[in-house]
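Shown next, in structure tokens, is the structure this report addresses.
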Amino acid sequence: MAYVFDPDVLRAAARAGSGLPLEERLRTVTRELAKCYPGRISEEQEWVFSNAGGVMGQFSILYASLTEYVIFFGSPIGSSGHTGRYSFVKDWAFLLDGELWYFEQGQLSRDVVRAGDEVVLEFRRAKGYRIVDHAWILEYARGPIVTMLPFGLADAFFSTLDGRTICRTFRLYGKHVLRNWRTAAGRRAQGTSARPGARLK
């Protein structure tokens, strides 16, 4: 299957604006991605609560389809829990700011991840993790995204009972999927394929 996004391009974009205040940094990363993937990236930040695996944070969608998403995710106050275990989805996290701690089953010492580092969650793997004080990531997931939804929304359905967040999550995800489906259909109609992102220097 041909995917729109290249993790190497995302990794380079995540370095853009290093040292800037957070809000400006997020805008800078967004603009760099928009240059690499014209017509694909949403530059409008709409933040949504996320409660998944015991971790509370918030996310903003830059791109979403049935097989990929690119989001900003994080928390300004810290949290900890389970990454989720996905049989069909691979996930990359590029740390923009803050610090994360990770461990795998049987691991007796933690892995420390800081700004500029990345974490890759392979198929069928899971980790415990902690957002230490605060952290913000650029996250990319590749695979059948709908298979992530039960984990991503279970806490909202059965613990926080946050119907507004559930509705907002479906509304925004659906909006982005429809938008990108129309974009892809338009490209096919014009006889053009998705343009691969230009590697940032």
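Within region 16-70, work out how many residues are touching a Lys or Arg at 6+ places or on another chain (Cβ under 6 Å) and surrounded by fewer than 15 Cβ atoms within 10 Å (Cβ to Cβ).
0
Residues that are surrounded by 14 or more Cβ atoms within 10 Å (Cβ to Cβ) and in contact (Cβ under 8 Å) with a residue 40 or more places away in the chain: find the strands (runs of 3 or more DSSP E) completely inside region 81-173 holding 3 or more of those.
Details: elements: 90-103, 111-114, 118-121, 128-142.
Of the strands (runs of 3 or more DSSP E) lying wholly inside region 81-173, those with at least 3 residues that are surrounded by 14 or more Cβ atoms within 10 Å (Cβ to Cβ) and in contact (Cβ under 8 Å) with a residue 40 or more places away in the chain span 90-103, 128-142.
Which residue is farthest from the chain's Cα centre (by Cα), if the candidates are limited to region 24-58 and must be over 28 Å from residue 178 (Cβ atoms) and part of a helix (DSSP H, G or I)?
24
Do you know which residues across region 71-80 are among the small types (Gly, Ala, Ser), part of a strand (DSSP E or B) and open to solvent by less than 40 Å² (accessible area, probe 1.4 Å)? Before you say what the answer is, go through the steps one by one.
Going residue by residue through region 71-80, those that are among the small types (Gly, Ala, Ser) are 74-75, 78-80.
Restricting the remaining residues to those that are part of a strand (DSSP E or B) gives 74-75, 79-80.
Selection gives 74, 75, 79.
Please indicate, with yes or no, whether at least one residue in region 6-15 is at pLDDT below 95, open to solvent by 40 Å² or more (accessible area, probe 1.4 Å) and not hydroxyl-bearing (Ser, Thr, Tyr).
no
The values are calculated or read from the model by the stated rules, or taken from the named source; none is laboratory data. Just so it is clear, the model here is predicted, and its values are computed rather than measured. Cβ atoms come from the backbone with ideal geometry, glycine included; neighbour counts cover every protein chain shown. Side chains included, ligands, DNA and RNA excluded: accessible areas come from the protein's heavy atoms. Shrake-Rupley method; radii C 1.70, N 1.55, O 1.52, S 1.80 Å.
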